[in-house]
Amino acid sequence: MKQILGIIVLIEFIGTIILGTYFLNYFETWQEAYLQGLFAAVSATTNAGFDITGSSLIPFANDYFVQIINIILLTLGAIGFPVLLELKDYLKHKKIYQRSHFSLYTKLTTVTFFSLMLFGTLVILLFEWNHFFADKSWHESIFYAFFQSSTTRNGGLATMDVSAFSNPTLLALCFLMFIGASPSSVGGGIRTTTFAVILLVIYSFSKGQKDIKVFRRELDPEDIRKSVVVTFLAIMICFIALVILSATESFTLMQLMFEISSAFGTTGLITPELSSIGKMVVIALMFIGRIGILSFIFIFHHKDHEVNYHYPKERIIVG
């Protein structure tokens, strides 16, 4: 806990110095510049998505330096504390550290995290090339797509009005928000490792393999079971929320899906124009998405007990 606190405070401090110094170009006094830098650094690192400009990062839509710093801070906050701790150990003992010393969690979540970031960037570019990006230069398009892909899964910051995107892009963003950040991080959603395990289960099943192998390791059956439960329950909870909001709100189905995915992924890209019931549903989704499905289940979980008998096994038809 001390190491995690130390790492997060150090990241926020460095972010404050970099952004505060750079903001001297934007604000009249150094006090205001560093206050803005402090707030922006803490907001990005904790993936809170709050801003005190009143328009998120839209004023910095053409300032790529501010966007890159925010992407780095968002990533460090969302990639998971265990990854940061292992990275610290690697930098501290680089000479004796080997690739095999990284845990399976770090390898799996890092590959999945950055793969989803790249996937989101490419999908946004593909769907919006002849729409929102039609009158944008190539570098504007890339940074718009890259930043929205990065912030959609955790941060809630924006360099544009996401409602300007087409429906295919919004559906892709819903998918990314539903997955969310990594476990043991400041983000929400079903988490990157859960999504990775589900993909590995599908791949192994299609190959006729009973064991799930990745990075020269085999996944524990209990982790596979948890991943399936988390994914199914998350889909069910979001579906129930969609049904309730469809009955209480006047938004389109696409807007409601985006609202629900954003709340469950604790992204923060939501509208204040909800009814009281709608706000309660969104609050519940943000709470469940932030603490995690498993932690939510454990609230109602009773002590495990082993049964001392078994019934005969019988096969059924599925699929």
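Results, tabulated for the structure shown:
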| item | result |
| --- | --- |
| Residue, farthest from Ile291 (Cα to Cα), within segment 176-231, restricted to residues that are free of Cβ contacts under 8 Å to residues at least 40 places away in the same chain and aromatic (Phe, Trp, Tyr) | Phe205 |
| Criterion: within 28 Å of Ile8 (Cβ to Cβ), at pLDDT 90 or above, of a type outside the set (Lys, Arg) and in contact with a helix residue (DSSP H, G or I) (Cβ under 8 Å, 6 or more places away or on another chain) - qualifying residue of Ala158, Ala196, Ala181, Ala172 | Ala196 |
| Test: residue in segment 93-116 that is modelled with pLDDT under 90, surrounded by 21 or more Cβ atoms within 10 Å (Cβ to Cβ) and either acidic (Asp, Glu) or not in a helix (DSSP H, G or I) (or both) | no |
| From the options Thr159, Thr193, residue that is under 19 Å from the mean Cα position of the chain (by Cα) and in a loop (DSSP other than H, G, I, E, B) | Thr159 |
| Near pairs, Cβ below 7 angstrom, 6+ apart or cross-chain, from segment 67-91 (without any contact (Cβ under 8 Å) to a residue 24 or more places away in the chain) to any residue that is not hydroxyl-bearing (Ser, Thr, Tyr) | Glu86/Phe102 |
| Selection count, segment 243-264, where residues are in a helix (DSSP H, G or I) and over 21 Å from Gln148 (Cβ atoms) | 7 |
| Residue count for segment 265-297, restricted to those that are under 22 Å from the mean Cα position of the chain (by Cα), over 20 Å from Ser43 (Cα atoms) and at pLDDT below 85 | 6 |
| Sole residue being more than 16 Å from Phe178 (Cα to Cα), part of a loop (DSSP other than H, G, I, E, B) and polar (S, T, N, Q), chosen from Asn130, Asn154 | Asn130 |
| Leu84, sole failed condition from (1) among the hydrophobic types (A, V, I, L, M, F, W, C); (2) farther than 21 Å from Gly188 by Cβ; (3) not in a loop (DSSP other than H, G, I, E, B) | (2) |
| Thr267 being touching a Ser or Thr at 6+ places or on another chain (Cβ under 7 Å) and outside any helix (DSSP H, G or I) | yes |
| Tally, over segment 40-63, of residues that are surrounded by fewer than 16 Cβ atoms within 10 Å (Cβ to Cβ) and part of a helix (DSSP H, G or I) | 2 |
| Among (1) part of a helix (DSSP H, G or I); (2) under 30 Å from Ile71 (Cα atoms), the one test that Val186 misses | (1) |
| Segment 43-65 residues that are of a type in the set (Ser, Thr, Tyr), paired with ones that are part of a loop (DSSP other than H, G, I, E, B) (beta carbon under 7 Å, 6 or more apart) | Ser43/Gly49; Ser43/Phe50; Ser43/Asp51; Thr46/Val186; Ser56/Leu157; Ser56/Ala158 |
| Test: residue in segment 128-141 that is under 20 Å from the mean Cα position of the chain (by Cα) and either within 22 Å of Ile68 (Cα to Cα) or surrounded by 18 or more Cβ atoms within 10 Å (Cβ to Cβ) (or both) | no |
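The values are calculated or read from the model by the stated rules, or taken from the named source; none is laboratory data. Every value quoted in this text rests on a predicted model; they were computed, and no experiment measured them. Reconstructed Cβ throughout: ideal geometry from the backbone, glycine too, with neighbour counts over all protein chains shown.
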